[in-house]
Amino acid sequence: MTAPAPPSRKTVPAAGSRVVELSLARDARRLREFQARCRGVDEVNRKSLARLFQTGLIYTRHGARLGRELLLAHQHLLRVTDLLARVGELPDAAPGGEAAALYEEAQLLLVRTTELTARCNGVLARER
């Protein structure tokens, strides 16, 4: 009793194989993640501003200051959105330093925006 011959592997012609540039895939994923974070922070910011108006706290001195901080955070988010659009428009052959500088600036603005929004949310939670 002889064992059956193993099935032969099908060979794929070299022209049919697809090579994926991993650095481009990583860059695209990083851009998508930044955009998702920006949308998430923007949503929290909008909700906080809406709560300021709904509670009537916006009409107090402290609430007006919080409202200005939330609007500043919103301006930061608009700047981050512009930076991410510029990163998305960079050609693939663009030097990595240019994209890295834009990402760094976007990261700093997102951190500042998150801090402002968190501080406002803390005050709103205490006011309830």
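Every number here is computed from the coordinates shown, using simple stated rules; none is lab data. These numbers were taken from a predicted model, which means no experiment stands behind them. Using ideal geometry, Cβ is built from the backbone for each residue, glycine included, and neighbour counts are taken over all protein chains shown.
So the values come out like this:
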item: Sequence of His74, His62 once ranked by neighbouring C-beta atoms within 10 Å, starting from the fewest; result: His62, His74
item: Which of Thr60, Gln107, Ala28, positive extreme of dipole for the range 26-127 (C-beta unit charges); result: Thr60
